[in-house]
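Comments concern the structure below.
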Amino acid sequence: MLSENEANVLRAISEEHSDPQTIAKKLGVKVETVRASADVLSEKNLIRVLKHVDEIVILTEEGKEYAKRGLPERSLLESIGNGKPMAELKDPSLKISLGWLRKKGWAIITGGVIKPTGIAPRGTDEEVLEQLLDNSKSSSDLDPDGLTTLKNRSLVIIEKKKSWKYEITIQGMKLIPELGEITESIAHLTPQMIKFGEWKGNNVRFDGRLYSVRPYDVALEAEKIFPGKKHPYQRLIDKMREIMLEMGFIEIKGEIIQSSFWNFDALFQPQDHPARDMQDTFYLDSEAEIPNYAKIKEMHECGGDIGSTGWGGCWNPQIARQEVLRTHTTAVTIKYLADQPHPPIKAFAIDRVYRREAIDATHTPEFEQLEGVIMDKDVSFRHLLGVLQEFYAMMGFQEVRFRPGYFPYTEPSVEPEVFIEGLGWVELGGAGVFRKEVTAPFGIDHPVLAWGLGVSRVAMLKLGLKDLRELYQSDIEWLRKTPLSINI
């Protein structure tokens, strides 16, 4: 059974209208409507759809110029007459023309003089240029060797043009007589049609007119609906935030732009530490005001009064004033602790940080980090491990272990690892107890437990991703297919 459009298109094809543009003009419909109807007719074996891809050759701006005044090697040949010293060819662009002269065998160079060989027949590239001067042409109408030469010289570009042609089949011709009376196709029947209509197959005659009734395929899938939902990565971040709040932490925020003082110096990182190098840190052309730095300076240079040796050398406040894009959220938590030096403190920050990383499947120059700190009387390294064990368990990681690690501002330090089926043990962050060199200058007299977690790495594990960049790309298809029920 054919719709009204399909029947009209079939009639037009039977009348030897073979291309969609002509049929669309004849029927007064859009070309897209004709193509859609033709596809249905083809599936029913009523017509054949012949698709053809043609290569259309178009001159570039440089090609147009040469088509008008000739190729540069031809112009150079005419300018040298019976011969010309190479020293007189001052224009650098002539070197290209000279190369083509020699390649085509039109000239030779002897004793520093370029001389014509006397053989300079009109080439196929020149013929093709002339043919393209007024109009673009199909590549099949042009000499292939000449076209290749012009293409290699970037004097032409080739665009592909698709075209459709239709041919009616024997089965389609047999159906034409039956279409004569059908004036309209309908998708809905009225009670009057059912009661008083005259039926013949899928056609109904009612009120003096013959209608074709469109069938319904009840086995077809319903149209998919994609309701709005949170980005999977945002859902994971919200889940982490929810867990931290349930564990009694408060959330803190800080500026993206930080002084080197808070990003490095306050954390007892020496001013010549590799982490400060340009390959790791985005430095800005600006400086920040920093607080009284006397105790920080003393701690770095000689270890203050806590029995540390410090780093030695001369601590430079000018370096500490340099502003950077924060390389970790620890810059936020240490400043919070400096402003709140008395226990109890349970705080976390989950935010974006920046490092000069080469972009690949596992690295991006900006990413999210979860930072947590606990400061209270008599808290210990053992408490830190217990908190981390609980956090990872609430995130769905049942097997957790810790191995010793090193970080400039914590001692002792560990790297938490979780077991992932198929991957084995995967490291998910770093943790430790702040060194006294970090806490003492700010009057913090109690232990501070701290840890940092790469949020994007957890997201890759939870979402089964192979490439970290997928988290930040607007891939609508992936966003639609990622179910809300995923265990995050």
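Each value in this text was obtained by applying a stated rule to the coordinates, not by laboratory testing. Since we're looking at a predicted model, the values are computed, not measured. Note that each Cβ is placed from the backbone with ideal geometry, even for glycine, and that neighbours are counted across all protein chains shown.
Taking the inverse of the average 1/r across all pairs of different Cα atoms in the range 375-482, what Kirkwood radius in Å do you get? Evaluated over the range 375-482, this radius sits at 15.7 Å. Overall, the anisotropy analysis places the range 293-384 in the oblate class: the square-rooted eigenvalues a ≥ b ≥ c of its C-alpha gyration tensor yield a/c not less than 1.5, with a/b not exceeding b/c. For the range 145-155, backbone phi angles converted through the Karplus equation (6.51, -1.76, 1.60; θ = phi - 60°) give residue-by-residue couplings of 5, x, 5, 4, 4, 5, 5, 5, 8, 6, 9 Hz, Gly and Pro being listed as x. Karplus-based coupling profile of the range 363-379, in residue order and whole Hz: 9, 9, x, 9, 7, 9, 9, 9, 10, x, 9, 10, 10, 7, 5, 6, 6, with θ = phi - 60° in 6.51 cos²θ - 1.76 cosθ + 1.60 and x standing for Gly or Pro. Footprinting exposure proxy ranking of 125, 277, 339, 376, fewest other C-beta atoms within 10 angstrom first, gives 339, 277, 376, 125.
Secondary-structure-derived ellipticity at 222 nm for the chain, considering helices only, amounts to -9500 deg cm²/dmol, per-run term -39500 (n - 2.57) for DSSP H runs with n ≥ 4.
With K and R counted +1 and D and E -1, the other residues having a Cβ less than 12 Å from that of residue 102 yield a net charge of +3. Summarising the amide proton neighbourhood of residue 311: residues at separation of 5 or more, or on other chains, whose placed amide H is nearer than 5 Å comprise 301, 302, 303. Taking the alpha carbon gyration tensor of the range 58-162, multiplying each eigenvalue by 5 and rooting it gives semi-axes of 29, 13, 11 Å, largest first. Under the Kirkwood approximation applied to all pairs of distinct alpha-carbon atoms, what is the hydrodynamic radius of the range 181-220 in Å? Evaluated over the range 181-220, this radius sits at 10.6 Å. One Cα centroid belongs to the range 317-338, the other to the range 236-268; the line between them spans 12 Å.
FRET efficiency for the pair residue 222 and residue 280, taken as 1/(1 + (r/R0)^6) with r the Cβ-Cβ distance and R0 = 30 Å, rounds to 0.05.
Computing FRET efficiency as 1/(1 + (r/R0)^6) for residue 69 and residue 113, where r is the C-beta to C-beta distance and R0 is 22 Å, gives about 0.25. Pair-distance distribution of the chain: all C-alpha pairs, bin width 10 Å, starting at 0; shares per bin in whole percent are 3, 13, 14, 10, 9, 11, 15, 14, 8, 2, 0. Reducing the range 425-471 and the range 126-165 to their Cα centroids gives an inter-centroid distance of 61 Å. Taking label positions 7 Å along the Cα-Cβ direction at both residue 52 and residue 382, the computed distance is 8.6 nm, reported to one decimal. Summarising the amide proton neighbourhood of residue 137: residues at separation of 5 or more, or on other chains, whose placed amide H is nearer than 5 Å comprise 57. In terms of packing, defined here as the mean over residues of other Cβ atoms within 10 angstrom, the peptides 220-229, 261-270, 114-123 line up highest first as 261-270, 114-123, 220-229. Backbone amide hydrogens, once placed in the peptide plane, bring residue 117 within less than 5 Å of 107, 108, excluding anything fewer than 5 places away on its chain.
Phi-derived couplings, Karplus 6.51 cos²θ - 1.76 cosθ + 1.60 at θ = phi - 60°, listed residue by residue for the range 330-342: 4, 4, 7, 6, 5, 5, 5, 5, 5, 7, 10, x, 10 Hz, with x used for Gly and Pro.
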